[in-house]
2 protein chains.
Amino acid sequence: MKPSTIDLKAIIRAEGLRYTNQRESVWQELQSSDDHRDAEDIYFSLRQKGINISRATVYRTIEVLVKNNLVRKLDLGDGKNRYECKWDAAHHDHLICTECGKIVEFMNDQVEGIQSDIAREYGFSLSYHIHQLFGLCEDCR
Amino acid sequence: MKPSTIDLKAIIRAEGLRYTNQRESVWQELQSSDDHRDAEDIYFSLRQKGINISRATVYRTIEVLVKNNLVRKLDLGDGKNRYECKWDAAHHDHLICTECGKIVEFMNDQVEGIQSDIAREYGFSLSYHIHQLFGLCEDCR
DNA sequence: AATTATGTGAGATTCAATATCAATAAGGAA
DNA sequence: TTCCTTATTGATATTGAATCTCACATAATT
Ligand SMILES: [Mn+2]
Ligand SMILES: [Mn+2]
Ligand SMILES: [Zn+2]
Ligand SMILES: [Zn+2]
């Protein structure tokens with residue numbers, strides 16, 4: 001992931017919130033990889049780097065980032081939420097290997113269009129969708 | 001839902017399991033409606049009908065039914081698994097109202113086909129998928 | 001520096017789901 | 001039918017992710 005052009009301090013303060021070391025740390029940690037990580041991952045990585053932070057603060061901060069569209073929350077069906085840095089990313093969905101956990105991102109305009117058609121057909125106004133394909137990756141089958 | 005032509009006793013015993021009142025009761029309860037219900041719903045409905053059963057047994061029995069493709073387990077993102085009777089149902093995905101919880105079932109051959117294409121493109125062999133559209137239904141928007 | 005309200009940390013709590021284990025009962029044998 | 005073996009059940013404890021509580025810390029303003 002390329003270095004952020006995002007000014008977290010400005011965003012945080014525009015929300016009327018306080019800019020803190022903990023919030024900056026969580027944001028940096030999430031930006032440090034392209035992975036789809038869970039809150040516990042973030043918590044442990046920060047602790048390992050000697051940064052003192054609590055689980056509660058990790059959860060609370062992630063929620064702030066999600067609300068400001070800097071991070072996307074994902075439920076990949078393994079019982080815990082995962083998060084990905086999405087401030088510069090176009091929409092995409094996921095292909096997941098049920099054996100090794102590998103995650104491939106895909107985007108298909110045709111499917112996106114059909115989703116809108118389906119919503120219209122049933123009188124729904126769509127706000128978001130979940131589209132996940134599960135199976136075995138090349139290496140695992 | 002039309003009355004079952006399924007012989008649960010035969011299926012259960014073919015699995016080398018014992019046919020019990022509890023297992024039959026859970027199966028009957030799941031068949032009694034077309035809804036997407038959670039385990040607690042099933043548990044309470046049975047108790048209300050005077051059937052003595054424990055939560056643990058409800059969970060365990062549902063798992064047996066899922067493994068035998070009589071019931072489909074769904075994660076609709078509200079923190080608890082939901083179940084639908086699917087012994088006679090063709091595959092379908094879901095459109096969910098985030099306001100009132102209404103669930104509409106849809107099926108689109110084109111999307112199903114594209115999913116296969118995507119899997120092939122990335123070298124995956126697909127085993128299942130989750131496709132859920134969230135938004136406001138006609139009544140709620 | 002003083003003030004004040006927001007943010008944080010440690011631990012308690014919630015809730016769905018699973019595990020434990022003594023008691024029960026299904027189903028095969030006689 | 002009765003007996004026997006063992007899967008199943010129920011009551012309860014436990015797990016794990018996520019949230020809540022509240023005394024204390026600290027960001028931000030004056
Ligand atoms: Mn992704
Ligand atoms: Mn359905
Ligand atoms: Zn794999
Ligand atoms: Zn609605």
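No value in this document is a laboratory result; all are computed from the given coordinates. These figures come from a predicted structure and were not determined experimentally. In this analysis, Cβ positions are derived from the backbone assuming ideal geometry, glycine residues included, and neighbour counts consider all displayed protein chains.
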Per-residue HN-Hα couplings for segment B:111-118 [Karplus 6.51, -1.76, 1.60; θ = phi - 60°; Hz; x = Gly/Pro]: 4, 4, x, 5, 4, 4, 4, 4
Among B:Phe44, B:Phe124, B:Phe106: highest mean-square fluctuation, GNM of chain B, C-alpha pairs under 10 Å: B:Phe124
Within the set B:Ala90, B:Ala56, B:Ala119, GNM on chain B using Cα springs under 10 Å gives the largest fluctuation to B:Ala119
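So between B:Glu40 and B:Asn68, what do we pick up on full extension, going 0.36 nm a residue minus the alpha carbon distance?
Going from the current span to full extension adds 8.0 nm.
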How many angstrom lie between the C-alpha centres of segment A:59-127 and segment B:30-73? 30 Å
Can you sort B:Glu99, B:Glu24 so the residue with the fewest Cβ neighbours within 10 Å comes first? B:Glu99, B:Glu24
Links that overshoot a 29 Å alpha carbon limit, given the list A:Lys67/B:Lys67; A:Lys80/B:Lys49; A:Lys73/B:Lys80; A:Lys73/B:Lys102: A:Lys67/B:Lys67; A:Lys80/B:Lys49
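For chain A, what is the relative contact order in percent, using Cα pairs closer than 8 Å and at least 6 residues apart in sequence?
The normalised contact order for chain A reaches 18 percent.
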On a straight-distance basis, which aspartates and glutamates could pair with B:Lys86 in a cross-link, Cα separation under 13 angstrom, same-chain partners fewer than 8 positions away excluded? B:Asp34, B:Asp35, B:Glu105
With θ taken as phi - 60° and the coefficients 6.51, -1.76 and 1.60, list the Karplus ³J(HN,Hα) couplings across segment A:37-43 in order, rounded to whole Hz; mark glycine and proline as x. 9, 9, 4, 4, 3, 4, 4
Highest-fluctuation residue, A:Leu76, A:Leu17, A:Leu126 considered, GNM on chain A with Cα pairs under 10 Å: A:Leu126
Quick one: dipole size for the protein assembly as shown, taken about the Cα centre, charges +1 on Lys/Arg Cβ and -1 on Asp/Glu Cβ, in debye to the nearest 20. 1300 debye
Could you give me the ³J(HN,Hα) list for segment B:9-26, computed from phi with Karplus coefficients 6.51, -1.76, 1.60 and θ = phi - 60°, whole Hz, x at Gly and Pro? 4, 4, 5, 4, 6, 5, 7, x, 9, 9, 7, 10, 4, 4, 5, 5, 4, 4
